[in-house]
Every structure is written in C-alpha cells, then in structure tokens.
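Undergrad: Let me give you the structure first, and then I'll get to my questions.
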Amino acid sequence: MSADLPPALAAAIAARLEGRGRAALADRARRQSERYRAGGGSAAVVTDETDALAYALARAPATYAACHAAFAALAELAELAPASLLDAGAGTGSASWAAAEVWPSLTAATFLDSNPAFLAAASDLGGGHAALAGAARLRGDLAADADLPAADLVVASYALAELPDAQIAATALRLWAAAGAALVIIEPGSPAGWRRILAIRAALIEAGAPIAAPCPHEAACPVEAPDWCHFSQRLARSRDHRRAKAASIPFEDEKFIYLAALRAPAVRPAARIVGPSHAAKPAITLKLCTAGGVLEHRPYPRRDKAAYAGVRRLGWGDAIFEEPASGPRISGKD
Ligand SMILES: C[S@@+](CC[C@H](N)C(=O)[O-])C[C@H]1O[C@@H](n2cnc3c(N)ncnc32)[C@H](O)[C@@H]1O
C-alpha cells in the first residue's frame, strides 16, 4: 500500500491551488513550520482558507504518510473492519483519508477540531471521498470535559502535541473511552513526541487498555534517552509540495511515533524493528524491541540462510512474527 496521497486527495488540493500565488502559500507554510518547530500550536498560523490550504500542501502529505504507516502496522495485527471514525484534531483530514484507504469498511466519519478554518478544509477536501463526503463537522475542544462522540476507530494525529502537557493523559483516556474498537494516536517523531506517547501509554495501560502497537509488550519502554523510539516514512514530494517547502529533493522522510490500543485481541509479534537496519557483508543487524520488553541489536548472518532470508526484506517499523533464529545478541542502547 502506498504512503503517498491518494490521487483524489492530491487532485483536490491541486484544484484548490489554481489561481493562487505560490509564493504567498510558501510564505504561510514557512510560518506554520517555524511555529511547529518552536513548539507552538496551529491556531495562530491557521486562521483562514489560504492557511489551511498551505497546511494541506506542505504538511498533509507527511501526516497522511505517518498515519498510513501506523494504520497499516495495526491492520497487520488485527482484522479490524471499522465502520465509523472520529478524527480528533482533524486538521485537513489526512488521518481520515489514510484510515479510509487502509480500512475500506469505513462509511461514516466525524471531523472534530477547534479551528473552523481546518474544519472547513477537511469537509471541502473530504467531499472527494465516498466515505468522507458526508462526514459530520464538530467544532469543539478535544480536552474539554464533554463526552466525545463514540466511533469504532478514534484517531488523533499530530493533535495532542498542541495540548498542554497536563491535559494529554486525561485526553487520551477520553479518546479511549470513545473508541469502540481501536484508538490510534500519532505524534511527531521527536524526543518530545516520544515522551508524550510514553505518558499516554502509561495512562492507557493503567486504565486497562490493551496496547497493540508499536510495542510488542506492555512492560516499561526499554528505550532510554538520549535515544527515543520513533519511525520514519518516506513520501514523494510533488512539484507544488517542493515549492511550498522551498525544497529541491523530490521526497522527504517523515519521522513519527504512534500508539495503538485495541479492544479485541491482536496478534503479538515476537519483535518490532525500531531503527534503521545496518546491512554489512557478513550480516544484517536489526534494532529490535522484543516481546520480552528488551531492546536488542541482533545480527542475522548471511551464512544462516533461513534466518537471513526471513528478515532481509524487513525494515524500520516492521513487525517480526516468529522468534528469529538466535544469533549472538547485543542488548542495550546504541
Ligand atoms: C498539527 S494539526 C494536525 C492536523 C491533522 N490531524 C494532521 O495530522 O494533519 C493539529 C490539529 O489539532 C487541532 N487542535 C489543537 N488543539 C485542539 C483542541 N484542544 N481541540 C480540538 N482540536 C484541536 C488543531 O486545530 C489542528 O487542526
């Protein structure tokens, strides 16, 4: 499954760019990314339709790719067929498009956001997808006390980063309460994003929510600072996307972290690859988080043909389902 924007969404964004000055859009996209890098929220830099379009152009391809990767990882572990979706902090609706791609069972969606410019853009762009065209629009505060609308699948993508730290765990529990089948939270793949996910993970485990991914265990996270758990998804940049970001390279690698909790039982992998693999002549070495809650750098020697063939095509983020044949293990940090 491709992590690039679905053609209908890419075409909808391109159609809305017609007649608009690219320099002004690039300027708005730059202001937004400066704000995100400084740890600020989107409310001050997304105030109208043009801002929302600048976001859709510069950031939506990457958040779509991250959501798609997280959802695909979850779909590998459980046979989910969600019919309804709550996209909490929907922005321009990237997470909804990715969910509809991974789970064609979706027929109903709700976009929840505090920002009317984002809500309008999500509805406008969602009009190009059968499952999203009739999506309900809910203007509200994720972190407020009111109950969230229930849905089979609840997603918060790059949204909890905009809440004060003190509200994040409680908000995650409210999202879980609204989730009939699954909750997926996606955050930027930075040390701060990982720390948020750790706090959410602890709160969910304490509340009895079964963690399905990415961790193949519910023990303490074995990753230690200054290292941090995160994943990376490559995505193509269109010409307009490159212009909006003043970039020349035709692709980018989006770093992200996610957490998925499931109400139904899921397959528990033997390990997940939590870093880039190192291929050398004698062996491939994988950085694994194992079902035992241990971080290992495990070499798979070429001479061990069966074990090597089993992992040769796997990469960062993939699950390993069978306990790999043992090689010499090197436990611990990088
Ligand atoms: C960085 S954008 C992410 C948008 C989209 N989910 C994505 O992945 O591209 C963060 C979104 O969360 C929304 N948001 C932030 N705080 C919120 C709150 N307290 N209640 C509802 N929405 C909120 C913002 O308006 C914005 O749409």
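Undergrad: Please give the peptides 105-115, 75-85 ranked by average Cβ packing (other Cβ atoms within 10 Å per residue), highest first, as a rough proxy for protection.
TA: 105-115, 75-85
Undergrad: Can you work out ³J(HN,Hα) from phi for every residue in the range 18-26, in order, using Karplus 6.51 cos²θ - 1.76 cosθ + 1.60 and θ = phi - 60°, giving whole Hz and x for Gly and Pro?
TA: In residue order, the calculated couplings are 4, x, 9, x, 5, 5, 5, 5, 4 Hz.
Undergrad: If each DSSP helix of 4+ residues adds -39,500 (n - 2.57) and the sum is divided by the residues in the chain, what number results at 222 nm, nearest 500 deg cm²/dmol?
TA: -10500 deg cm²/dmol
Undergrad: Most exposed first by the Cβ proxy, i.e. fewest other Cβ within 10 Å, how do L53, L262 rank?
TA: Going from sparsest to densest Cβ surroundings: L262, L53.
Undergrad: Quick one: which residues, 5 or more positions from G293 or on another chain, have an amide H under 5 Å from its amide H? H modelled 1.01 Å from N in the peptide plane, none for Pro or chain starts.
TA: For G293, whose amide H was placed from the backbone, there are no distant partners under 5 Å.
Undergrad: Skipping prolines and chain starts, which residues have an amide H placed within reach, meaning under 5 Å, of the one on I320, given they are 5 or more residues away or on another chain?
TA: A270, A271, R272, I273
Undergrad: Let me ask something additional. Aspartates and glutamates within cross-link reach of K255: Cα-Cα under 16 Å, excluding same-chain residues under 8 positions apart?
TA: D4, E187, D227, D318
Undergrad: Test of understanding: ordering K287, K305, K281 by Cβ neighbours within 10 Å, fewest first, what list do you get?
TA: Ranked by crowding around the Cβ, least crowded first: K281, K305, K287.
Undergrad: Tell me which residues come under 5 Å, amide H to amide H, from A131 once H is placed; ignore anything under 5 positions away on its chain.
TA: Residues meeting the amide H criterion: none.
Undergrad: Tell me the angle of helix 191-206 to the major Cα principal axis of the chain, expressed in degrees between 0 and 90 and rounded to the nearest ten.
TA: That helix lies at roughly 80 degrees to the long axis.
Undergrad: Another question about this same structure. By how many degrees, 0 to 90 and rounded to 10, does the Cα axis of helix 116-126 deviate from the longest principal axis of the chain?
TA: 70
Undergrad: Would you work out the charge dipole size for the chain about its Cα centre, treating the Cβ of every Lys and Arg as +1 and the Cβ of every Asp and Glu as -1, and quote it to the nearest 20 debye?
TA: Using only the charged Cβ atoms, the result is roughly 1240 debye.
Undergrad: Picking from A236, V223, T92, whose Cα lies most toward the positive end of the charge dipole for the chain (charges on Cβ: Lys, Arg +1; Asp, Glu -1)?
TA: The residue sitting most towards the positive pole is A236.
Each value in this text was obtained by applying a stated rule to the coordinates, not by laboratory testing. Bear in mind that the values here come from a model prediction, so they are computed numbers and not experimental data. Note that we place each Cβ from the backbone using ideal geometry, even for glycine, and neighbour counts take in every protein chain shown.
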